[in-house]
Every structure is written in structure tokens, then in C-alpha cells.
Amino acid sequence: MAIKVLGANVSPFVRKVRVFLATKGIPYELEQVSPFQPPAGWRDKSPLGKIPVLEHDGRYINDSSVICAYLEKIQPEPALFPKDPYDYARATWLEEFMDGGVVPHAGGGIFRPLALMPVLTQKAPEPAAIAAAEKILHEEVYPLLGYLEAQLGNNSHFVGNRLSIADIAVASPFVNLRHAGYPPDAARFPKLAQFVERMHGSPAFKACIEEERPVFGKRWK
């Protein structure tokens with residue numbers, strides 16, 4: 001099967017799909033597409049203009065969560081969605097918690113001004129931009145990370161004590177936060193910090209990070 005991922009590699013949603021594919025052992029091609037300067041006819045493939053889009057044998061699938069669910073159907077093993085109904089609900093909820101809760105603050109308020117804009121403008125972030133990002137980090141993001149710390153508890157993974165879509169979805173936006181200079185505070189969120197470090201050291205995440213860091217990781221921590 002011919003699979004292509006359309007989207008920018010630094011997007012946490014694109015990265016989530018790429019890590020999911022790599023963990024499944026499914027070969028794919030990445031075609032870099034910026035949602036800010038998309039190619040002609042992009043809305044025919046992505047009606048909302050968002051990334052990623054999965055192209056599979058000439059058919060297009062939208063939204064990272066839908067894409068991962070689709071990939072699970074076409075290649076069930078290794079299973080990355082829990083089979084137990086309650087565990088399945090928890091895993092998909094944590095995916096939505098990250099996509100709809102954490103990413104809007106971490107992306108637009110922190111990654112964009114501190115990691116993306118410096119690449120586009122070739123200028124280091126101003127002190128005011130750093131201060132504004134840190135305000136968002138402490139007031140908006142940290143309360144959400146507290147929830148993740150509690151949900152992880154003493155487990156190595158978020159659901160069923162085995163790797164699932166929940167772990168991939170949680171770990172992906174932290175790459176963007178680390179690009180911006182803000183990994184999880186190990187003193188405040190020790191379990192989450194260890195989890196993120198472990199996930200980012202896995203082959204699937206490490207390959208993406210090594211690809212991104214030379215461009216976006218000037219403040220990497």
C-alpha cells in the first residue's frame with residue numbers, strides 16, 4: 001500500500017501520525033506542506049485547510065486522530081488502541097485532551113513566538129515575547145500538566161501499562177515545547193518529565209526530533 005503524509009514535519013499532529021506509522025512499521029513518504037502557504041488545490045484534499053492529510057492509494061483522509069484510527073483498522077498489530085472499552089475511552093480522551101487542550105496554548109502561545117517565528121524572521125525572540133510565553137506556560141499549560149502527572153501516576157504508560165495512542169499523543173506536543181525551551185519541569189512534574197524523556201528517546205520519536213532540531217531547536221532543552 002502506498003501511503004503519503006502531507007504536512008509540515010514540525011506540526012505535533014503530523015509528528016503524531018508519523019510516530020504512529022513508524023511504531024506500526026508501516027512505510028510512508030512525507031510531503032512537506034505548510035498550512036500557511038499550501039499548494040494549489042489543497043482544499044480539495046483538506047477541506048478545512050489543516051494538516052496532516054493522509055494519502056492512501058489515491059484516497060485522502062483528514063485529521064490526525066481519524067488518520068491514526070484508520071491506520072489501526074488497516075493494520076491492527078501491534079495494537080495501539082486498547083481493546084478494553086474503558087481503556088479505549090481513556091486513551092482517546094487523553095488524545096483529545098492534548099490535541100484540543102494543550103496544543104492550542106503550547107503551540108500558538110509558546111512554540112510559535114519562541115521557535116517558529118525566529119526561523120521565519122531570522123531574529124531571536126524579544127524579551128517581551130519570552131515573558132508572554134512564560135505567562136501562558138505557568139497560567140494555562142501547567143494546570144493541564146498537573147492533570148497529566150496525576151493520570152500517569154506510577155505507571156510507565158498512560159493506559160493499560162502499555163504503549164498506546166495516548167502515549168504518542170501526549171509526547172508529541174512536548175517536542176514543540178522543548179524546541180521552545182520548555183520541557184516538563186522535573187521538580188514539579190517528575191513522572192511526566194521522565195515519561196517524556198523516555199518517549200522522546202524511542203526510535204520513532206528520535207528520528208523526528210533529529211530531523212527537526214537543526215531548524216527549530218535553537219532553544220532545545
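Among residues belonging to segment 1-33 that are of a type in the set (Gly, Ala, Ser), open to solvent by 40 Å² or more (accessible area, probe 1.4 Å) and at pLDDT 95 or above, point out the one that is farthest from the chain's Cα centre (by Cα).
If we take residues in segment 1-33 being of a type in the set (Gly, Ala, Ser), open to solvent by 40 Å² or more (accessible area, probe 1.4 Å) and at pLDDT 95 or above, then GLY25 is farthest from the chain's Cα centre (by Cα).
For segment 156-176, what are the residues that are outside any loop (DSSP other than H, G, I, E, B) and either among the aromatic types (Phe, Trp, Tyr) or over 25 Å from ALA22 (Cα atoms) (or both)?
PHE174
Take ALA207 and tell me if it is aliphatic (A, V, I, L, M) and surrounded by fewer than 18 Cβ atoms within 10 Å (Cβ to Cβ).
Yes.
Pull up segment 58-78, narrow it to residues that are free of Cβ contacts under 8 Å to residues at least 12 places away in the same chain and among the hydrophobic types (A, V, I, L, M, F, W, C), then point me to the one that is surrounded by the most Cβ atoms within 10 Å (Cβ to Cβ).
Ranking the qualifying residues of segment 58-78, first place goes to ILE61.
Here is a check on your reading of the model: is PHE36 out of contact with any strand residue (DSSP E or B) (no Cβ under 6 Å at 6 or more places or on another chain), at negative phi, hydrophobic (A, V, I, L, M, F, W, C) and part of a loop (DSSP other than H, G, I, E, B)? Show your work before the answer.
Details: out of contact with any strand residue (DSSP E or B) (no Cβ under 6 Å at 6 or more places or on another chain): yes; at negative phi: yes; hydrophobic (A, V, I, L, M, F, W, C): yes; part of a loop (DSSP other than H, G, I, E, B): yes.
In short, yes.
Exactly one of these conditions fails for GLU55: (1) surrounded by 16 or more Cβ atoms within 10 Å (Cβ to Cβ); (2) under 18 Å from GLU210 (Cβ atoms). Give me its number.
Tallying (1) surrounded by 16 or more Cβ atoms within 10 Å (Cβ to Cβ); (2) under 18 Å from GLU210 (Cβ atoms), GLU55 fails exactly one: (2).
For (1) part of a loop (DSSP other than H, G, I, E, B); (2) out of contact with any helix residue (DSSP H, G or I) (no Cβ under 6 Å at 6 or more places or on another chain); (3) not β-branched (Val, Ile, Thr), each residue gets a yes or a no:
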| residue | (1), (2), (3) |
| --- | --- |
| ALA22 | no, no, yes |
| ARG43 | no, yes, yes |
| ILE61 | no, no, no |
| LYS73 | no, yes, yes |
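Being outside any helix (DSSP H, G or I) and open to solvent by 40 Å² or more (accessible area, probe 1.4 Å) is the filter here; which residues of segment 79-89 pass it? Walk me through how you get there before you give the answer.
First pass over segment 79-89, keeping only residues outside any helix (DSSP H, G or I): 79-84.
If the condition is that a residue be outside any helix (DSSP H, G or I) and open to solvent by 40 Å² or more (accessible area, probe 1.4 Å), then LYS83, ASP84 are the ones that fit.
Any chance you could count how many residues in segment 121-130 are surrounded by 10 or more Cβ atoms within 10 Å (Cβ to Cβ) and assigned to a helix (DSSP H, G or I)?
Number of matching residues: 2.
Could you check how many residues of segment 90-105 are of a type in the set (Asp, Glu) and open to solvent by less than 40 Å² (accessible area, probe 1.4 Å)?
Of the residues in that region, 2 qualify.
Can you confirm whether ILE74 is at pLDDT 95 or above, more than 14 Å from the chain's Cα centre (by Cα), of a type in the set (Val, Ile, Thr) and over 27 Å from GLY108 (Cβ atoms)?
Against the criterion (at pLDDT 95 or above, more than 14 Å from the chain's Cα centre (by Cα), of a type in the set (Val, Ile, Thr) and over 27 Å from GLY108 (Cβ atoms)), ILE74 qualifies.
Yes or no, residue by residue, for (1) surrounded by 13 or more Cβ atoms within 10 Å (Cβ to Cβ); (2) in contact (Cβ under 8 Å) with a residue 40 or more places away in the chain; (3) in a helix (DSSP H, G or I); (4) within 16 Å of the chain's Cα centre (by Cα):
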position	(1), (2), (3), (4)
LEU114	yes, yes, yes, no
VAL119	yes, yes, yes, no
ALA133	yes, yes, yes, no
GLU139	no, no, yes, no
ASN154	no, no, no, no
ARG178	yes, yes, yes, yes
PRO184	yes, no, no, yes
ALA187	no, no, no, no
VAL196	yes, no, yes, yes
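The values are calculated or read from the model by the stated rules, or taken from the named source; none is laboratory data. On a predicted model such as this, the values are computed, not experimentally measured, just so you know. Glycine also receives a Cβ, built like all others from the backbone with ideal geometry; neighbour counts cover every protein chain displayed. Just so you know, the surface numbers come from the protein's heavy atoms only, side chains and all, with ligands and any DNA or RNA stripped out. Shrake-Rupley method; radii C 1.70, N 1.55, O 1.52, S 1.80 Å.
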